[in-house]
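Q: Once you've had a glance at the structure underneath, I'll fire off some questions.
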Amino acid sequence: MSASSANCFIVVRVPSNTSSPSTRSSFLPLFNPSPSVSLNASSSRSRFAALVVKNALDTLESQGTLDSKGGSLKDPLLGTKPTILVSEKLGEAGLELLRSFGNVDCSYNLSPEELCSKISLCDALIVRSGTKVTREVFEASKGRLKVVGRAGVGIDNVDLQAATEFGCLVVNAPTANTVAAAEHGIALLAGMARNVAQADASMKSGKWQRNKYVGVSLVGKTLAVMGFGKVGSEVARRAKGLGMSVISHDPYAPADRARAIGVDLVSFDEAIATADFISLHMPLTPTTSMLFNDETFSMMKKGVRIINVARGGVIDEDALVRALDSGVVAQAALDVFTEEPPPKDSKLVQHENVTVTPHLGASTKEAQEGVAIEIAEAVVGALKGELSATAVNAPMVPPEVLSELSPYVVLAEKLGRMAVQLVAGGAGIKSAKVVYRSARDPDDLDTRLLRAMITKGIIEPISSTFVNLVNADFTAKQKGLRISEERVVVDASPEYPVDSIELRISNVQSKFASALLDDGEITVEGRVKEGIPHLTRIGSFSVDVSLEGNLILCRQVDQPGMIGLVGNILGEKNVNVNFMSVCRTAAREQAIMAIGVDEEPDKDTLKKIGEVPAIEEFVFLTL
């Protein structure tokens with residue numbers, strides 16, 4: 001029996017006799033755990049878009065009450081607010097933005113033990129570079145921590161792997177301090193070249209040593225910018241304005257962007273061997289840690305000058321002291337150090353050819369306010385469920401794609417929840433296949449968000465694990481669930497990104513035999529109609545069912561009176577029916593009846609439905 005053989009639909013809409021639902025928006029959990037989202041059939045497309053920019057705020061706690069310390073994270077539309085811990089100083093403009101959304105706890109200079117003791121009461125944490133957000137912090141949060149905001153660029157003080165495993169989004173503020181950091185780099189470059197700091201200290205000690213502090217000119221010198229990101233490219237622009245020749249090494253930088261400002265991209269070895277000045281602008285990673293060491297210093301031009309406003313750990317500081325003493329490195333200007341603050345007796349800090357500042361790269365009034373606002377907006381957005389453009393451990397889905405996919409996100413999770421409830425036995429789901437049908441080119445369809453929501457729908461109903469966009473792929477792998485995807489081009493309107501989503505579960509038994517195809521796979525398929533997700537096929541039966549609330553599916557003999565008979569059984573138990581849909585293969589043969597109910601029927605009611613002679617099988621599903 002093919003899906004196309006089911007060609008007759010009967011739809012009965014039953015007005016609700018209950019009071020109207022609450023008018024507050026439902027939340028769709030892109031980052032945070034939540035119960036299934038139930039939507040009234042009258043919801044508009046705009047309401048679905050609103051779902052994607054809101055967050056389901058903590059499933060279990062959202063159904064309880066605030067604890068004595070106000071620790072439960074609640075839907076802000078219900079009057080309670082999330083708790084945001086700020087562990088390092090943040091600009092007042094950012095704090096005001098945070099206070100308008102949540103309860104802000106500014107607790108500075110926390111020890112690791114104090115941070116771990118507080119974090120279980122917090123939904124968000126904002127740090128700068130001084131707070132280490134370790135695996136122990138995520139473990140201590142007990143799943144409540146939803147977002148960590150790094151007020152700055154580098155995230156090497158945050159355990160990203162642990163954050164991902166615990167489903168916690170990590171966001172940073174990479175743009176607001178770009179100019180400030182670049183300006184500081186140029187200030188150190190020029191100040192070092194002209195011995196400004198040393199001459200200033202000499203004069204203040206009562207000396208006049210013009211001959212000792214003869215500097216070098218910048219014009220015509222070669223500057224190697226190591227890392228051509230936001231800050232590195234801004235340093236390059238300013239160095240070009242000073243008359244310097246600029247080269248750069250960055251294995252990920254596009255050559256056309258570098259050429260646009262007159263910079264040549266070269267190899268690492270060529271950059272360090274030919275430069276008169278080397279400015280470091282790379283992140284601290286296992287690959288870049290101690291990258292500048294005895295070996296690399298030996299490859300440099302004698303008398304080279306080094307500036308570092310990036311990360312202290314990229315330089316082997318003992319090796320730099322040796323290079324300074326030998327004259328290979330003439331001078332260094334450093335704003336960052338492996339240990340901050342560095343030891344008071346640090347040979348590097350005390351070296352006469354080294355200019356140092358206490359990590360001032362982002363320390364301008366403008367940058368501090370800008371970073372505070374940027375990170376506050378990112379954290380608030382994440383708590384609302386928005387996909388931040390500055391997220392560092394979640395797939396980046398452009399806002400326009402997110403908005404377009406919003407109703408399909410709901411559909412994907414509903415199909416996953418439905419499919420897993422159709423599985424019988426205790427073997428569990430190990431393999432699932434998702435088929436996306438679309439009129440668009442397969443390369444134009446970004447399915448990461450849809451895959452994450454299908455994973456969420458499959459895993460959450462049968463596990464204590466909370467799944468979100470951040471940890472979906474990791475959780476699926478951990479659970480032994482393999483999800484494959486197929487994109488099929490169909491003749492449909494290219495106006496919509498997806499025509500239908502089909503989910504197939506293989507190597508399992510089914511509670512509802514009608515959900516199985518001939519190959520033994522549980523198969524459900526859905527479409528979005530007028531912004532509302534619908535089930536359009538189950539097994540080989542075509543249906544037309546709005547995926548909302550609770551659903552009873554019955555396979556029956558097609559005969560008169562079935563709708564009234566089942567309706568009466570539910571009515572006697574005060575179970576409100578919000579719709580009925582019947583699809584049959586042919587007159588007086590088999591039919592699938594789908595019944596939407598507002599309340600969950602008790603076991604006796606379901607038993608009575610199953611005892612109706614014409615009903616061959618049925619299943620109750622919570623969507």
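Q: Could you tell me whether I272 is open to solvent by less than 20 Å² (accessible area, probe 1.4 Å) and in contact with a strand residue (DSSP E or B) (Cβ under 6 Å, 6 or more places away or on another chain)?
A: no
Q: Open to solvent by 30 Å² or more (accessible area, probe 1.4 Å) and closer than 27 Å to P358 by Cβ - does that describe any residue in region 252-265?
A: no
Q: Looking only at region 550-568, which residues are surrounded by fewer than 19 Cβ atoms within 10 Å (Cβ to Cβ) and not in a strand (DSSP E or B)?
A: If the condition is that a residue be surrounded by fewer than 19 Cβ atoms within 10 Å (Cβ to Cβ) and not in a strand (DSSP E or B), then Q559, P560, G561, I563, G564, L565, G567, N568 are the ones that fit.
Q: Please go through region 430-462 and pick out each residue that is open to solvent by 30 Å² or more (accessible area, probe 1.4 Å) and within 16 Å of the chain's Cα centre (by Cα).
A: D446, R448, R451
Q: Now a separate question. Does G520 satisfy the criteria of being part of a loop (DSSP other than H, G, I, E, B), open to solvent by less than 50 Å² (accessible area, probe 1.4 Å) and over 30 Å from Q161 (Cβ atoms)?
A: yes
Q: Here's a follow-up. Is there a residue in region 131-140 that is open to solvent by 30 Å² or more (accessible area, probe 1.4 Å), farther than 28 Å from V467 by Cβ, in contact (Cβ under 8 Å) with a residue 24 or more places away in the chain and among the hydroxyl-bearing types (S, T, Y)?
A: no
Q: Of all residues in region 91-117 being open to solvent by 60 Å² or more (accessible area, probe 1.4 Å) and assigned to a helix (DSSP H, G or I), which is nearest to T364 (Cα to Cα)?
A: Only one residue tops the list, namely E92.
Q: Can you tell me which residue is nearest to the chain's Cα centre (by Cα) among those in region 569-589 that are more than 23 Å from I538 (Cα to Cα) and not in a loop (DSSP other than H, G, I, E, B)?
A: So, considering only residues that are more than 23 Å from I538 (Cα to Cα) and not in a loop (DSSP other than H, G, I, E, B), the one nearest to the chain's Cα centre (by Cα) is L570.
Q: Here's a follow-up. Specify which of the listed residues (S506, S514) is crowded, with 19+ Cβ neighbours inside 10 Å, of a type in the set (S, T, Y) and closer than 22 Å to K433 by Cβ.
A: S514 is the lone residue from the list that is crowded, with 19+ Cβ neighbours inside 10 Å, of a type in the set (S, T, Y) and closer than 22 Å to K433 by Cβ.
Q: Among the residues of region 217-231, what is the count of those that are out of contact with any Gly (no Cβ under 9 Å at 6 or more places or on another chain) and open to solvent by less than 50 Å² (accessible area, probe 1.4 Å)?
A: Result for region 217-231: 6.
Q: Further question on the same structure: Which pairs have Cβ atoms under 6 Å, sit 6 or more apart or on different chains, and link a residue in region 609-623 that is open to solvent by less than 40 Å² (accessible area, probe 1.4 Å) to one that is hydroxyl-bearing (S, T, Y) and outside any strand (DSSP E or B)?
A: Close Cβ pairs (under 6 Å, with a partner that is hydroxyl-bearing (S, T, Y) and outside any strand (DSSP E or B)) amount to L623/S36.
Q: If you don't mind, there's one more thing I want to ask. Open to solvent by less than 80 Å² (accessible area, probe 1.4 Å) and out of contact with any helix residue (DSSP H, G or I) (no Cβ under 7 Å at 6 or more places or on another chain): does that describe L242?
A: So L242 fits the description; yes.
Q: With respect to L125, is the statement that it is open to solvent by less than 40 Å² (accessible area, probe 1.4 Å), at pLDDT 95 or above and under 23 Å from the mean Cα position of the chain (by Cα) true?
A: yes
Q: Then there's this: Of all residues in region 540-549, how many are more than 16 Å from F512 (Cα to Cα) and open to solvent by 10 Å² or more (accessible area, probe 1.4 Å)?
A: The number of residues fulfilling the criteria is 3.
Q: The conditions are (1) surrounded by fewer than 22 Cβ atoms within 10 Å (Cβ to Cβ); (2) among the small types (G, A, S); (3) not in a helix (DSSP H, G or I), and G167 fails exactly one of them. Which is it?
A: Checking G167 against (1) surrounded by fewer than 22 Cβ atoms within 10 Å (Cβ to Cβ); (2) among the small types (G, A, S); (3) not in a helix (DSSP H, G or I), the one that fails is (1).
Q: Where in region 380-493 are there helices (runs of 4 or more DSSP H), lying fully within it, with 3 or more residues that are out of contact with any helix residue (DSSP H, G or I) (no Cβ under 8 Å at 6 or more places or on another chain)?
A: Because the criterion is at least 3 residues that are out of contact with any helix residue (DSSP H, G or I) (no Cβ under 8 Å at 6 or more places or on another chain), the helices (runs of 4 or more DSSP H) in region 380-493 that meet it are 399-422.
The values are calculated or read from the model by the stated rules, or taken from the named source; none is laboratory data. Since we're looking at a predicted model, the values are computed, not measured. Quick reminder, even Gly has a Cβ in these numbers, built from the backbone with ideal geometry, and neighbours come from all protein chains shown. The protein model used for the area step is the full one, side chains on, heavy atoms only, and it has no ligands, DNA or RNA in it. Shrake-Rupley method; radii C 1.70, N 1.55, O 1.52, S 1.80 Å.
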